[in-house]
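Trainee: Structure in C-alpha cells, see below.
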Amino acid sequence: MAGQFFEGVGRRKESTARVRISSGMGGFTVNEKAFEAYFTRLGDQEEILAALMAAGQDRATYDISVIVRGGGVTGQTDSVKLGLARALTKLNPDFGVPMRKAGLLTRDPRIKERKKPGLKRARKAPTYTKR
C-alpha cells in the first residue's frame, strides 16, 4: 500500500468532506490543521473515529487527510464520519458489514427545507390578527 491511498466522500446538509486514507504513522489532518485542533467540541472526535472502532482498526496505522468544505460544525463532523467509513470500506471490503451494522455507511438525507411564499420561513406564518 506504499504511496497508495483510498478516498471516500461524505456529505451532510451543506458540508462535503473528501477523506484520503493511506498506511502511515497515525497522522490525521483536517484542512491542513491537526485533527484535535479542528474538531474541538466534546464528542466530535469520538464520533468521527467510530468508523475506525467499528472496523477494529488502530488510528496509529493510517495517515488520514481530510478536506472539508461548507456547513457548520455538526454537518462537517457527520460528513467526515461518512467519508472515513467509505474510505475504510474501499481499503478493505470486509469492513463493510460492521460499518453497516453501526449505521456508519448511511447518508443522513435531512436538509434545510425551502422557504415558502407568503410565509416568513419554511413553516412560520405571519401572526394572525383579527382586527
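Read-outs: derived from the displayed coordinates by stated rules, not from any lab. Keep in mind that this is a model prediction, so the values were computed, not measured. Here the Cβ is made from the backbone with ideal geometry for all residues, glycine too, and neighbour counts use every protein chain on show.
Trainee: Considering only ARG86, ARG41, ARG12, give the residue with the highest GNM mean-square fluctuation for the chain, with springs between Cα atoms whenever their separation is below 10 Å.
Mentor: It is ARG41.
Trainee: Could I ask something else about it? Quick one: check the C-alpha center-to-center distance for the range 45-89 versus the range 108-131, whole angstrom.
Mentor: Result: 35 Å between the Cα centres.
Trainee: Here's something else I'd like to know. For the chain, modelled as a Gaussian network with Cα springs under 10 Å, which listed residue fluctuates most, ARG110, ARG59, ARG18?
Mentor: Most flexible of the set in this elastic network: ARG110.
Trainee: Please report TYR38, TYR62 as a ranked list, fewest other C-beta atoms within 10 angstrom at the top and most at the bottom.
Mentor: So the ranking, lowest neighbour count to highest, is TYR38, TYR62.
Trainee: Further question on the same structure: Within the chain, what is the longest stretch that has no GluC sites (Glu not before Pro) placed in a DSSP loop and near at most 15 other beta-carbon atoms within 10 Å?
Mentor: It works out to 33-112.
Trainee: Using only Cα atoms, what Kirkwood radius does the range 6-101 have, in angstroms?
Mentor: Numbers: mean 1/r = 0.0773 Å⁻¹.
Every distinct Cα pair counted, the radius reaches 12.9 Å.
Trainee: Angle check, please: helix 73-91 long axis (alpha carbons) against the longest principal axis of the chain (alpha carbons), in degrees 0 to 90, nearest 10.
Mentor: Compared with the principal axis, the helix lies near 40 degrees.
Trainee: Among 65-76, 92-103, what's the highest-first ranking by average C-beta atoms within 10 angstrom per residue?
Mentor: In descending order of packing, they fall as 65-76, 92-103.
Trainee: Per-residue HN-Hα couplings for the range 44-50, Karplus 6.51 cos²θ - 1.76 cosθ + 1.60 at θ = phi - 60°, whole Hz, x for Gly and Pro?
Mentor: Each residue's phi maps through the Karplus curve to give 5, 5, 5, 5, 5, 6, 4 Hz.
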